[in-house]
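The values are calculated or read from the model by the stated rules, or taken from the named source; none is laboratory data. Everything quoted here is computed from the prediction, not taken from an experiment. Here Cβ is always computed from backbone atoms with ideal geometry, including for glycine, and neighbour counts include all displayed protein chains.
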Amino acid sequence: MKQQLVDKFLEIYGDGDPVNVYFAPGRVNLIGEHTDYNGGHVFPCAITIGTYAAARRRADQKVHLYSLNYPESGMIKASLSDLAYRQKDGWGNYPKGVIQTFQSKGCQIPCGLDILYYGEIPKGLGIGSSASLEVVTGLILRELMGLTDINMIDIALFSQLTENEYMGTSSGIMDPFTIAMGKKDHAIFLDTSNLSYIYAPLLLLHEKIIITNSQKARLAVDERYQERRAQCEQALKELQTVIAIRDLGELTAEVFEQVQEMIQSPLRLRRARHAVTENQRTIQAVEALKRGDIGEFGQLMNASHLSLKEDYEVSCEELDILVEESWDIDGVLGSRMMGAGFGGCIISIVENSAVNEFIQKVGKHYEERTGLHAEFYVVETGNGAFAL
Ligand code: GLA
């Protein structure tokens, strides 16, 4: 991959100084959904597929970006003094935004750059393709601009800022953090209230992690995500009238029971209940994994799905059908919708011996019930972003 990208880079940008190649993975989330903006825990891991980028410093102040995935967009051109968002720049706004965020954080970017990207992550799956593009760009800046005081967590935070302030989407820290900090054979138990984390070994000897793409387009996901966030913030405010908490993630299920009546609408109550119980499930799931109790881990994943469906209402018919069909297969330890929701994919932990049956039966029944053709990916854990 490295040599191919370098060759392509030279073909597009011409000969010159040596070219460096970088990689940032995608991510999956085992459990802890819609908790990362509620000060709760998440339990994601980096995967082996992701975004490659070949890069070289320029002698001037220009920024030239090209993606092998979007040849029709041609070369996207900007300069260090004008990195403003422009609709016509499409995907190129992400890297432009990252550079602008670094500048706004006081990082000296002394010269321009040529970058060639190649992304392996299918779009729309909700497995972190945009955060992967941002983090790989952040890594390029750190490495090529000699920003030695910037660490991988800074890169994750700058990526999130880019999403929130430059791209205008309100995503949490989970995706960029996992993509920057992932570790092969481990998942990250991250407390999003203070970014403390531990790497939990995830050596699945007898099971596989399967991602099933529903192929259902995620409609209006940003608006609905934003709506959920606002509902949780409002519920938090109502609870703060009787209890001194900063985030919903600070509440145990028991304390929540005692104070929940302060929440004035049944809908907000359900939203907050998801945020609280999902956080508790995530803590329990990591405990179960430490004990080697993968069965209990799977049960908690199943409970997560029901909570996302009923309390948080971010699932959809297609995701529910996929999850139900997978629950019907012997050897499926746990299955739930993953990511923001309203389409995208589900994540399942499946015993090795049941993988073929899973793919065949879930695929067949899903197609019969929805007319859609599901796609299956057996994923492996991988490392966070690195130079090749
Ligand atoms: C999206 C966001 C994440 C997280 C999930 C839901 O993937 O990017 O920050 O909030 O939704 O858990």
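The condition of being modelled with pLDDT of 95 or more, closer than 25 Å to Val379 by Cα and among the small types (Gly, Ala, Ser) does not hold for Ala244. The residue list Arg270, Arg246 contains one member that is within 17 Å of Gly40 (Cβ to Cβ), assigned to a helix (DSSP H, G or I) and within 25 Å of the chain's Cα centre (by Cα), which is Arg270.
Restricting attention to region 331-362, the residues that are outside any strand (DSSP E or B) and either touching a helix residue (DSSP H, G or I) at 6+ places or on another chain (Cβ under 6 Å) or buried (at least 18 other Cβ atoms within 10 Å of the Cβ) (or both) add up to 13.
A search for C-beta distances below 7 Å between a residue of region 19-41 that is within 11 Å of the ligand (Cβ to nearest atom) and any residue that is of a type in the set (Lys, Arg), counting only pairs 6+ apart in sequence or on different chains, returns Ile31/Arg281; His34/Arg228; Tyr37/Arg229. Whenever a residue of region 324-343 is of a type in the set (Val, Ile, Thr), it has no partner that is surrounded by fewer than 24 Cβ atoms within 10 Å (Cβ to Cβ) and in a loop (DSSP other than H, G, I, E, B) lying with C-beta atoms less than 9 angstrom away and at least six residues away or across chains.
Checking Asp311, Asp328 one by one, the residue that is within 16 Å of the ligand (Cβ to nearest atom), more than 21 Å from the chain's Cα centre (by Cα) and not aliphatic (A, V, I, L, M) is Asp311 and no other. Figure legend. Inter-residue proximity from region 302-322: first residues in contact (Cβ under 8 Å) with a residue 60 or more places away in the chain, second residues surrounded by fewer than 19 Cβ atoms within 10 Å (Cβ to Cβ) and of a type in the set (Val, Ile, Thr), beta-carbon distance below 7 Å, spacing 6+ or different chains. Indicated pairs: Glu318/Thr370. Residues being under 17 Å from Leu144 (Cβ atoms) and aromatic (Phe, Trp, Tyr): count how many of those fall in region 79-117. Total meeting the criteria: 2.
Can you find a residue in region 82-97 that is within 16 Å of the ligand (Cβ to nearest atom) and out of contact with any strand residue (DSSP E or B) (no Cβ under 7 Å at 6 or more places or on another chain)? Scanning region 82-97, I find at least one residue that is within 16 Å of the ligand (Cβ to nearest atom) and out of contact with any strand residue (DSSP E or B) (no Cβ under 7 Å at 6 or more places or on another chain), so the answer is yes. For Gly90, the conditions (1) free of Cβ contacts under 8 Å to residues at least 24 places away in the same chain; (2) under 18 Å from the mean Cα position of the chain (by Cα) all hold with the exception of (2). Screening the candidates Glu238, Glu165, Glu227 for the property of being buried (at least 17 other Cβ atoms within 10 Å of the Cβ), modelled with pLDDT of 95 or more and among the acidic types (Asp, Glu) yields one hit, Glu238.
Is at least one residue of region 349-362 within 16 Å of the ligand (Cβ to nearest atom) and of a type outside the set (A, V, I, L, M, F, W, C)? No, region 349-362 contains no residue that is within 16 Å of the ligand (Cβ to nearest atom) and of a type outside the set (A, V, I, L, M, F, W, C).
Would you call Ile198 closer than 11 Å to Ala131 by Cα, more than 15 Å from the ligand (Cβ to nearest atom) and modelled with pLDDT of 95 or more? Answer is no for this residue.
None of Ser79, Ser104 is surrounded by fewer than 23 Cβ atoms within 10 Å (Cβ to Cβ) and either within 16 Å of the ligand (Cβ to nearest atom) or within 30 Å of Gly249 (Cβ to Cβ) (or both) except Ser104. Residues being of a type outside the set (Gly, Ala, Ser), within 12 Å of the ligand (Cβ to nearest atom) and touching a Ser or Thr at 6+ places or on another chain (Cβ under 8 Å) are represented in region 113-134 by at least one member.
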